[in-house]
Every structure is written in structure tokens, then in C-alpha cells.
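Pasting a structure below so you can have a look.
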Amino acid sequence: MKDIINILDMTTAEIDALIDMAEDIRAYPERYSETCRGKTLATLFFEPSTRTRLSFEAAMYGLGGNCLGFSQENTSSIAKGESIADTARIVSIYSDIIVMRHYAEGAPYAAGLYSTVPVINAGDGGHNHPTQTLTDLCTIKREFGRLSGLTIGICGDLKYGRTTHSLITAMTRYDSVRLVLISPPSLSLPSYIKCTPPAGKNVTFIETDSLDEYMGELDILYMTRIQKERFDESERQNSPENYILTPEKLKRAKKGMCILHPLPRVDEISVDVDADPRAKYFEQAEHGKFIRMALILTLLSDTKPKTPPACESPGDKRCRNKKCISSIECRIPQRLYRTTDNILRCCYCDTEIV
Ligand code: CP
């Protein structure tokens, strides 16, 4: 039994097995319709959501289980000052698995330290969104039959776009992947995501601020919205223009290119693109339900006891990231880890500790 906080909490073999199971559930839903009878999924959403919360709930009902939870912070006792730690302890008494979305980076990791049941990160601030990535990988595998040997353009807000962070982290584990990172310099990818790809994987990063420059080379174009709600005051004053995908821009793209978007869309994909056969973002949202069914079933079938994640003694070192749950909730213990290139980072938000 384990928490899913980061996409790296699953091996590539485990992800392959989830994708296979998702396809089997899609083909034979009746075989799975009683597999979670008597089990309860709790959805703790401290930020708005349409796809993630509802697809998790639809997934659990499709497996014969039940759901409870809240979709706004102000309807839980957090509004009265209850901590994430106590909330996680209590909700794990009432449920068998917890799905948490929170505005603070690392909040689901913190919940996982106190919950006795598995915790799934459904998006933590501008940090990670691993189950969106499972949805993306499932879609890519359906479209191309493989996850390796692809050129993927990832466009928009790479600084705060949590879906892009998890997707890029995931793709660095597959062979011969080219990642074309398309953003204004002010919204470029944080250094902790652009980690060294595993040796021998031949993964390359290309950075550009032009949506057009590599259009003709892309197998996949992954569009994202600008995450204005995460901007600080100075960023709000100098808000960058969206990159907008139009039928005109797509004239230079491959006939077999696949356009993805985690959604919600604001205006970065023109609605005129929706009728283009390369637009796969609505199918992508549908795949999210099946991969989440596979994830719930897999986590609930695991009988191994939950073990707390390892960390390095923090001494007097503290995470200085104001958006980290360890800065927001002072009772949460500092937890640090050391990377293979000897950088000390916060376990909750991955910020470098100096
Ligand atoms: N992709 C995604 O996370 O959508 P929601 O915010 O609607 O859950």
C-alpha cells in the first residue's frame, strides 16, 4: 500500500500495467463493477476541479464503491484551523483511499505522513499532478502504441503548470524522447524538474519561446493555460500573452500530430481547432476515468503495510518556499532529501535548501 504523490512513485512497469488494466476495464466494465464493493474513496478538494474530482468519483462508482468528501476548503474543519495532519488522520478512519487537491505544494505528501490509507495527489499548487500524467500517458499509448521515440512540444506556463511538471518527469524515463519546451522566458521550467534524465535514455530538452519554430517536427503538442492564479504581484502586473493554437498555425504540423491539453482551456486553443481530427483533448479527459479506476483498484488490492518515506535529518535547515505546506503549517516537520547530484531539497515541494 503506498501513496501516489509524484509520478516517480510508480515504476514504468507499474504504469504499463495500469494502462493495460485501464484498457481492459474500458472493454469489459462489467467484470470490474463489483471489485470495490464496500470500499470508500474520500475526495478532499481545497481547490476547484471538474475533471479530476468527478472522474475519480465516477471511477469509484464504476468499481462498485462509495465516495465522500468536500470540494471547497470552507466546508471542512480546516476553515476552523484544523491541520492537514489531523484532517488526514480523521478521514483515513472514514475511508479506504484519499484523493487530495490542495493549493499548497506538498500538502498531499504531508497528508500521506499521517493517513493510514493511501493518499493520491490530485494536484498540489504549481508542483505536481501525477494522475493527469497517467491520463496523458494512457492517451499517448492509445494514439501511438508506444511512449518512446516521440517528439513532444509542451507549450504554455511551464513554471506553474503542474501537469507539465509531472508529464516531463514521466517522459524522461522513456527512450529517445525529445521534449520541446515552449514558453516565454518568465514562465520557463523550474530547474528541479529539468533533472538529469536517467543514463542511456537519450532524452533531449529543447527550449524555445516560439510555438511555430518546431511545429513541423512534433508528434504531440501538449497545450496548457497560463496559471494566473499562481502568479505573485509582480507577475500579475507583467502577465505574458497566451500562446494561441489556431487552424492557421496547424497548417505546418504533421498530419498525424496529436493535440493534447489537460483542460480546462481558456483561450490557448481556438475552438475552431476542436473539429480537427488531431485534437484529442476531449478523448484524453475520457481516458482519465479508466486509468483512475485502474489506479484505485491497484492501490486497494495492495495488502503490504504503508511505510513512511525516508528523509535526511533536517537539523536547523528550513524550506523557504512560502507556497510549501511546511511553510504554511508550522507544525508539520521539516523533511529533506538529497539528490544523486548532492543537492539538498525539501521532501514536500522539491525546493533547494541552502
Ligand atoms: N486537468 C485537470 O486537472 O482538470 P480539473 O482542474 O478540472 O480537475
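How many residues does segment 37-50 contain that are under 14 Å from MET293 (Cα atoms) and either near the ligand (Cβ under 9 Å from one of its atoms) or at pLDDT below 95 (or both)?
0
Looking only at segment 69-111, how many residues end up being at pLDDT 95 or above and of a type in the set (Lys, Arg)?
The qualifying residues number 2.
Something else: Taking the condition more than 16 Å from the ligand (Cβ to nearest atom), out of contact with any helix residue (DSSP H, G or I) (no Cβ under 7 Å at 6 or more places or on another chain) and on the phi > 0 side of the Ramachandran plot, does GLY64 pass? Full working, then the answer.
Numbers: more than 16 Å from the ligand (Cβ to nearest atom): yes; out of contact with any helix residue (DSSP H, G or I) (no Cβ under 7 Å at 6 or more places or on another chain): yes; on the phi > 0 side of the Ramachandran plot: yes.
Spelling it out, GLY64 is indeed more than 16 Å from the ligand (Cβ to nearest atom), out of contact with any helix residue (DSSP H, G or I) (no Cβ under 7 Å at 6 or more places or on another chain) and on the phi > 0 side of the Ramachandran plot.
If you don't mind, another one. Could you please let me know if ASP9 is closer than 30 Å to PHE144 by Cα and crowded, with 22+ Cβ neighbours inside 10 Å?
It is false that ASP9 is closer than 30 Å to PHE144 by Cα and crowded, with 22+ Cβ neighbours inside 10 Å.
A follow-up question, please. Under 6 Å between Cβ atoms, which residue pairs at least 6 apart in sequence (or on different chains) link something in segment 125-145 that is closer than 23 Å to PRO48 by Cα and in a helix (DSSP H, G or I) with a partner that is of a type in the set (A, V, I, L, M) and away from the ligand (no atom under 13 Å from the Cβ)?
Once the first residue is closer than 23 Å to PRO48 by Cα and in a helix (DSSP H, G or I) and sits in segment 125-145, its partners that are of a type in the set (A, V, I, L, M) and away from the ligand (no atom under 13 Å from the Cβ) give PRO130/ILE4; PRO130/ILE7; THR133/ILE7; THR133/ALA170.
Within segment 146-164, how many residues are part of a loop (DSSP other than H, G, I, E, B) and buried (at least 19 other Cβ atoms within 10 Å of the Cβ)?
The number of residues fulfilling the criteria is 8.
Looking at (1) within 15 Å of the ligand (Cβ to nearest atom); (2) in contact (Cβ under 8 Å) with a residue 60 or more places away in the chain; (3) surrounded by 15 or more Cβ atoms within 10 Å (Cβ to Cβ); (4) of a type in the set (Ser, Thr, Tyr), which one does SER71 not meet, given that it meets all the others?
Condition not satisfied by SER71: (2).
Applying the selection to segment 340-354, what residues are assigned to a loop (DSSP other than H, G, I, E, B), in contact with an Asp or Glu (Cβ under 9 Å, 6 or more places away or on another chain) and surrounded by fewer than 19 Cβ atoms within 10 Å (Cβ to Cβ)?
ILE343
The values are calculated or read from the model by the stated rules, or taken from the named source; none is laboratory data. Bear in mind that the values here come from a model prediction, so they are computed numbers and not experimental data. Neighbour counts are summed over all protein chains in view; Cβ atoms, including those assigned to glycine, are modelled from backbone coordinates with ideal geometry.
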